[in-house]
Amino acid sequence: MNTNKRFSIPVRSQNPSSNRQKNLWGLLLGLPLIGLGIAIGLQSHHSTLQCDRAPSTQIECKLIRQDVLGMLLGRESSENYLGVLEGADAVVSLSTSGPTYKLILRTNQGATELTDLNHAGNSEDLADRINDFILDRQEPILTIHQDDRWFSSAFGGILMTIGIGKLFALAKSKPPSLPFAP
């Protein structure tokens, strides 16, 4: 009986330089996705338009904005005094890329575009709500909230997960085999 057996060691046919290219692409895709996900998540915010009817029947408005980064750093929300409310308009601009919706607040200090409260299609409803508040003298306060923290955080989280997955796959990949290995 012959006790000498031959063992064969499988040799990887991958070129070490192609493995380095894959590692480089993994880094070039993974790290920016993580950074972009963090940036989008931290830029999300909660905006509130608050209009108070004074005893003199003037309506004073302010825009209050709180972003996620400010909350994490312990900063107060920013308040912008907009002036005495005169009315609101919804403007739709048509272009080749589609319609653009704008909510314009008219005050004694001029017209202000409210981009923080503006999402596709709802600017007409918000303008009607603001104008109805002006006409209804029984209503003492108008508060309109816009919260995009959930959407931005979810979108940023998805990008971060893809980036981390790419880096994790890169870390789990085997280093290139050497052609002279025993």
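The values are calculated or read from the model by the stated rules, or taken from the named source; none is laboratory data. If you're wondering where the values come from, they're calculated on a predicted model, not measured in any experiment. So basically every Cβ, Gly included, is an ideal-geometry build from the backbone, and we count neighbours across all protein chains shown.
What's the number of the condition Trp150 fails, among (1) within 20 Å of the chain's Cα centre (by Cα); (2) surrounded by 11 or more Cβ atoms within 10 Å (Cβ to Cβ)? Trp150 satisfies all of (1) within 20 Å of the chain's Cα centre (by Cα); (2) surrounded by 11 or more Cβ atoms within 10 Å (Cβ to Cβ) except (2). Please state which one of Thr100, Thr48, Thr57 is over 30 Å from Thr161 (Cα atoms), assigned to a strand (DSSP E or B) and modelled with pLDDT under 80. After ruling out the rest, the residue left standing is Thr100.
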